[in-house]
Amino acid sequence: MAIQRAAQAGSLESCDALIQIEPATALTIEVKSDAAAQFGNTIKNTVEATLAELGEKTAKVQVTDRGALDYTLRARVRVAVARAREAKS
Amino acid sequence: MSVSKLRRSLLYIPGNNPNLIQNSVLFGADSLMFDLEDGVLASEKDAARELVRSALTELDFRGHEVLVRINGMDTPLGEVDLEAIVPAKPNGIRLPKANSPEDVKACDAIITRLERAHHLPAGSIFMILSLETTKAVLNAHAIATASKRVVGIAIGAEDYTADLQTERSLTGEELFYARSALVVAARAAGIQAIDTVFSNVNDDAGLVAETEKIKQLGFDGKSLISPRQIGPVHKVFTPDAVAIERAKAVVAAFNEAKAKNLGVISLNGRMVDLPVVLRAQRVLRLAGLEEQNPSGGAAK
């Protein structure tokens, strides 16, 4: 099932991440984080791996991180993708 | 085993809040209840469900008991929640709106199916029920015994009071019958009785007064909405030094009588029969001084 529309999940609260996703022809992941220097890459890898698990090969993803642990990142990505897959109402 | 676990405090944690979820083990509650129901916006139910599932699967809750309050069986969300959550192996499910034996059996059947499908030990996930209507209170024993998974019943005061067509008060007269009925039903069923939440997190004195009252009524514990409430509630349920000494004396007399094969136990000239011994053992448990060899009559 493909991403059909723009969607988001998560929040900007402490320990959370806001995942914004929209359809695209390639895979781009942009990470905004106060800890980007230390964790930017790890966040990107976790998001990429979760997308791969879900079978999504192309998407434009923006991650605004507020110190989310991996379990949160994964959960927020899964929900953003599920919401993006829903047909436009 | 699940029925006798200490559950003085059952702390609700909003299921869509990663900060609270991952820090929940630091608060010292006897049980944690990750909430997918009233503590989550309707538009975020999917997000909360997945966050709690992810947390259960990936985080270590360091031996804490973890329940998930799913949505009720009166909406399709309840089953969707169970499908996601049961494979992630919570210790138990908190079922809201458990207002009839059918509600309980419906939830039990879904958990059973999912335990089988995911190769989990049958019956490993227990249930604590919230009874929230007048009909439920009248039918409390049938609801409490509708499934072997049920280890405790609770009262959902807001909905129940609305059903009574009155309002909640600090002194709680409107809840007296329901609370008593719940304790009686729980004891008859051999399970625990859990009281409703105290909403004013800034009113410590009010919380303590209410907790003392419901402890006297026979409740085993209370649902809480803030970690601040844990300390005061545990203090109410913890016996004082005098009570502990008395309990130790009773248990010592009982053990001595058992060892000497005496038919009658006496302490300070008074007869000590089984209910007294059981009460003393309960006091020691609440004080964290569990006896090594509880009598055969202890709760299951």
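The values are calculated or read from the model by the stated rules, or taken from the named source; none is laboratory data. Bear in mind that the values here come from a model prediction, so they are computed numbers and not experimental data. Every residue, glycine as well, gets a Cβ built from its backbone with ideal geometry; the counts of neighbours run over all protein chains shown. Note: areas computed on protein heavy atoms with side chains; ligands, DNA, RNA excluded. Shrake-Rupley method; radii C 1.70, N 1.55, O 1.52, S 1.80 Å.
Modelled with pLDDT under 85 and among the polar types (S, T, N, Q), is that true of B:Q192? So that I can check it myself, show each step before the final result.
On the way: modelled with pLDDT under 85: no; among the polar types (S, T, N, Q): yes.
Criteria not met by B:Q192.
Select from the stretch B:46-99 the residues that are of a type in the set (S, T, N, Q) and open to solvent by 20 Å² or more (accessible area, probe 1.4 Å) and write down the one among them that is farthest from B:K135 (Cα to Cα). So that I can check it myself, show each step before the final result.
Going through the stretch B:46-99, the residues of a type in the set (S, T, N, Q) turn out to be B:54, B:57, B:71, B:75, B:91, B:99.
Next cut, open to solvent by 20 Å² or more (accessible area, probe 1.4 Å) only: B:57, B:75, B:91, B:99.
Working: B:T57: 37, B:T75: 19, B:N91: 28, B:N99: 7 Å.
Going through the qualifying residues, I end up with B:T57.
Condition first: more than 10 Å from chain B (Cβ to nearest Cβ), open to solvent by less than 50 Å² (accessible area, probe 1.4 Å), of a type in the set (S, T, N, Q) and within 12 Å of the chain's Cα centre (by Cα). Can you find one or more residues in the stretch A:30-46 that meet it? Scanning the stretch A:30-46 turns up at least one residue that is more than 10 Å from chain B (Cβ to nearest Cβ), open to solvent by less than 50 Å² (accessible area, probe 1.4 Å), of a type in the set (S, T, N, Q) and within 12 Å of the chain's Cα centre (by Cα). List the pairs whose first member sits in the stretch B:53-79 and is in contact (Cβ under 8 Å) with a residue 40 or more places away in the chain, whose second member is assigned to a strand (DSSP E or B) and of a type in the set (D, E, K, R), and whose Cβ atoms are under 7 Å apart, counting only residues at least 6 apart or on separate chains? Taking only residues 6 or more apart or on different chains, the pairs are B:L67/B:R94; B:V68/B:R94; B:R69/B:D35; B:R69/B:R94. The single condition from (1) more than 14 Å from every other protein chain (Cβ to nearest Cβ); (2) surrounded by 22 or more Cβ atoms within 10 Å (Cβ to Cβ) that A:K57 fails is (2). The residue of the stretch B:164-200 that is farthest from B:M127 (Cα to Cα), among those that are acidic (D, E) and assigned to a helix (DSSP H, G or I), is B:E173. Selection of the stretch A:3-29 for residues being away from chain B (no Cβ under 14 Å), more than 12 Å from the chain's Cα centre (by Cα) and without any contact (Cβ under 8 Å) to a residue 60 or more places away in the chain yields A:A24, A:T25, A:A26.
Here is a yes/no grid of residues against (1) hydrophobic (A, V, I, L, M, F, W, C); (2) closer than 20 Å to B:N19 by Cα:
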{"site": "A:Q8", "(1), (2)": "no, yes"}
{"site": "A:A17", "(1), (2)": "yes, yes"}
{"site": "A:K44", "(1), (2)": "no, no"}
{"site": "A:L54", "(1), (2)": "yes, no"}
{"site": "A:D65", "(1), (2)": "no, yes"}
{"site": "A:L73", "(1), (2)": "yes, yes"}
{"site": "A:V81", "(1), (2)": "yes, no"}
{"site": "A:A84", "(1), (2)": "yes, no"}
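Here B:D204 fulfils each of the conditions (1) open to solvent by less than 80 Å² (accessible area, probe 1.4 Å); (2) among the acidic types (D, E); (3) closer than 26 Å to B:V137 by Cα; (4) under 22 Å from the mean Cα position of the chain (by Cα) apart from (3).
Among the strands (runs of 3 or more DSSP E) confined to the stretch B:1-81, the ones with at least 1 residues that are away from every other protein chain (no Cβ under 14 Å) and hydroxyl-bearing (S, T, Y) are located at B:9-14, B:31-35.
Please work out if A:G55 is modelled with pLDDT of 95 or more, out of contact with any Gly (no Cβ under 8 Å at 6 or more places or on another chain) and either within 13 Å of A:V81 (Cβ to Cβ) or part of a helix (DSSP H, G or I) (or both). Yes: the conditions hold for A:G55.
Filtering A:R76, A:R83 for residues that are touching a Leu at 6+ places or on another chain (Cβ under 9 Å) and within 11 Å of chain B (Cβ to nearest Cβ) leaves a single hit, A:R76.
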